[in-house]
Structures are given as C-alpha cells and as structure tokens.
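Enquirer: One structure, as structure tokens, below. Some questions next.
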Amino acid sequence: MTDLLFTIYPWVKSLHVMAVISWMAGLFYLPRLFVYHVEKAQTVKGAETIFFEMEEKLLRVIMRPAMIVAWVCGLIMVFTPGIVGWDFAWPWVKGTAVIAMTWFHHWLMARRKDFLEGQNKLTGRQYRMMNEVPSVLMVAIVLAVILKF
C-alpha cells in the first residue's frame with residue numbers, strides 16, 4: 001500500500017492543488033454574488049431568479065465537488081508516509097484553517113437557504129466583509145505549507 005501511495009502522490013498532489021483553486025474561486029465568488037443579490041435583485045425584474053440559479057450552480061457544480069476532491073486528496077497525502085511531520089506546527093495550522101474553510105463553505109450554504117426562504121438578514125456590506133474570510137484562511141494555509149514552520 002505504501003508503494004502505491006508514493007507512486008500516486010504527485011498525481012494526488014496535483015489534483016489537490018487544482019481542486020483547492022476551484023474551491024477557493026467559489027469561496028471568493030459566492031459572497032460577492034450575495035452582495036449583488038442583496039443590493040440589485042429587487043431593482044431588476046427577474047434578477048432574483050437568476051441569482052438563485054447562479055448561486056445554486058456555483059455551489060453544486062463547482063464548490064461542493066472541488067471541496068470533496070480537495071479533502072479526499074488531502075487525506076490521501078496525510079496518510080502517505082513521510083509527507084506530514086506532525087511534530088511541526090504547519091500541519092496543525094493547515095488542518096485548522098481547512099476545517100474553518102469547510103465551516104465557511106457550510107455557512108455560505110446556510111445563507112443561500114436564507115435567501116431562498118426570504119429570510120436573509122445580512123447586508124451587502126456584511127457580505128463584503130465575509131468575503132475576506134477565505135483570503136485570511138488562504139494566507140494561513142499557504143504560509144504554513146510553504147514555510148513549514
């Protein structure tokens with residue numbers, strides 16, 4: 001099994017990076033869609049339906065599959081012997097940030113449900129502020145992985 005993990009490692013790592021890029025793109029874009037949804041949907045006839053469809057497809061077609069692939073590939077790499085040194089801080093920082101990113105993903109799904117039910121209580125400004133969450137998590141993850149502190 002160890003030989004297989006070493007053999008597929010470069011492919012798994014490549015797929016992981018691609019999935020993370022796709023997931024992050026969605027995490028950056030969905031809060032921005034929510035900003036426009038709050039600020040513009042009521043002023044343009046039929047716009048709310050378009051926002052609902054865009055948000056749903058972004059979540060279902062891009063973000064959810066990318067998150068799953070990122071997690072699966074990440075776990076495969078974690079279980080590949082010699083890749084992660086658990087005596088360093090970096091895997092713990094990365095793991096914590098990935099869990100926070102996953103929580104944020106689910107928080108965004110809950111906000112979409114609020115929109116669908118007509119229960120959104122957040123403003124465009126608040127969604128703009130939440131749009132910074134993935135940036136902060138990305139910085140923590142990249143620094144942890146590259147610097148390996």
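Enquirer: Do we have Trp107 as closer than 22 Å to Tyr9 by Cβ and without any contact (Cβ under 8 Å) to a residue 24 or more places away in the chain here? Walk me through how you get there before you give the answer.
Expert: Working: closer than 22 Å to Tyr9 by Cβ: no; without any contact (Cβ under 8 Å) to a residue 24 or more places away in the chain: yes.
It is false that Trp107 is closer than 22 Å to Tyr9 by Cβ and without any contact (Cβ under 8 Å) to a residue 24 or more places away in the chain.
Enquirer: Also: When you go through Met130, Met138, Met67 one by one, which is the residue that is touching a Pro at 6+ places or on another chain (Cβ under 7 Å) and touching a residue at least 12 places away in the same chain (Cβ under 8 Å)? Before the answer, list the steps.
Expert: Working: Met138 fails: touching a Pro at 6+ places or on another chain (Cβ under 7 Å); Met67 fails: touching a Pro at 6+ places or on another chain (Cβ under 7 Å).
So the residue among Met130, Met138, Met67 that is touching a Pro at 6+ places or on another chain (Cβ under 7 Å) and touching a residue at least 12 places away in the same chain (Cβ under 8 Å) is Met130.
Enquirer: Count, please, the residues in region 83-111 that happen to be assigned to a helix (DSSP H, G or I) and either aliphatic (A, V, I, L, M) or under 15 Å from Pro134 (Cα atoms) (or both).
Expert: Count: 18.
Enquirer: Follow-up question, since we're still on this one. Before we move on, is Thr80 buried (at least 16 other Cβ atoms within 10 Å of the Cβ), farther than 29 Å from Met129 by Cβ and in contact (Cβ under 8 Å) with a residue 24 or more places away in the chain?
Expert: Yes; evaluated as a whole, the condition is true for this residue.
Enquirer: Still on this model: Only one of (1) aromatic (Phe, Trp, Tyr); (2) surrounded by 18 or more Cβ atoms within 10 Å (Cβ to Cβ); (3) out of contact with any helix residue (DSSP H, G or I) (no Cβ under 7 Å at 6 or more places or on another chain) fails for Tyr127. Which number is that?
Expert: Every listed condition holds for Tyr127 apart from (3).
Enquirer: Continuing with the same structure: Here is a check on your reading of the model: is Lys113 modelled with pLDDT of 95 or more, within 23 Å of Leu137 (Cβ to Cβ) and crowded, with 17+ Cβ neighbours inside 10 Å?
Expert: No; evaluated as a whole, the condition is false for this residue.
Enquirer: Go through (1) loosely packed, with under 13 Cβ neighbours inside 10 Å; (2) within 20 Å of Lys148 (Cβ to Cβ); (3) polar (S, T, N, Q) and name the single condition Thr49 misses.
Expert: Among (1) loosely packed, with under 13 Cβ neighbours inside 10 Å; (2) within 20 Å of Lys148 (Cβ to Cβ); (3) polar (S, T, N, Q), Thr49 violates only (2).
Enquirer: Here is a further query. Suppose the filter is of a type outside the set (S, T, N, Q) and loosely packed, with under 15 Cβ neighbours inside 10 Å; does Gly118 pass it?
Expert: So Gly118 passes the test.
Enquirer: Continuing with this model, one more query. Would you mention how many residues in region 110-119 are in contact (Cβ under 8 Å) with a residue 24 or more places away in the chain and of a type outside the set (D, E, K, R)? Before you say what the answer is, go through the steps one by one.
Expert: Step one: of region 110-119, the residues in contact (Cβ under 8 Å) with a residue 24 or more places away in the chain are 111-112, 115-116.
Narrowing the set further to residues that are of a type outside the set (D, E, K, R) leaves 115-116.
Total satisfying the criteria: 2.
Enquirer: Of the residues Trp86, Trp103, Trp92, Trp107, only one is modelled with pLDDT of 95 or more, aromatic (Phe, Trp, Tyr), out of contact with any Asp or Glu (no Cβ under 8 Å at 6 or more places or on another chain) and under 30 Å from Leu4 (Cα atoms); which?
Expert: Of the residues listed, the single one that is modelled with pLDDT of 95 or more, aromatic (Phe, Trp, Tyr), out of contact with any Asp or Glu (no Cβ under 8 Å at 6 or more places or on another chain) and under 30 Å from Leu4 (Cα atoms) is Trp92.
Enquirer: Given the conditions (1) assigned to a helix (DSSP H, G or I); (2) without any contact (Cβ under 8 Å) to a residue 12 or more places away in the chain, report the number of the one that Val38 does not fulfil.
Expert: So the condition that Val38 fails would be (2).
The values are calculated or read from the model by the stated rules, or taken from the named source; none is laboratory data. Here the structure is a predicted model, which is why all the values come from computation and not from measurement. For neighbour counting, all protein chains shown are included, and Cβ atoms are generated from backbone atoms with ideal geometry for every residue, glycine included.
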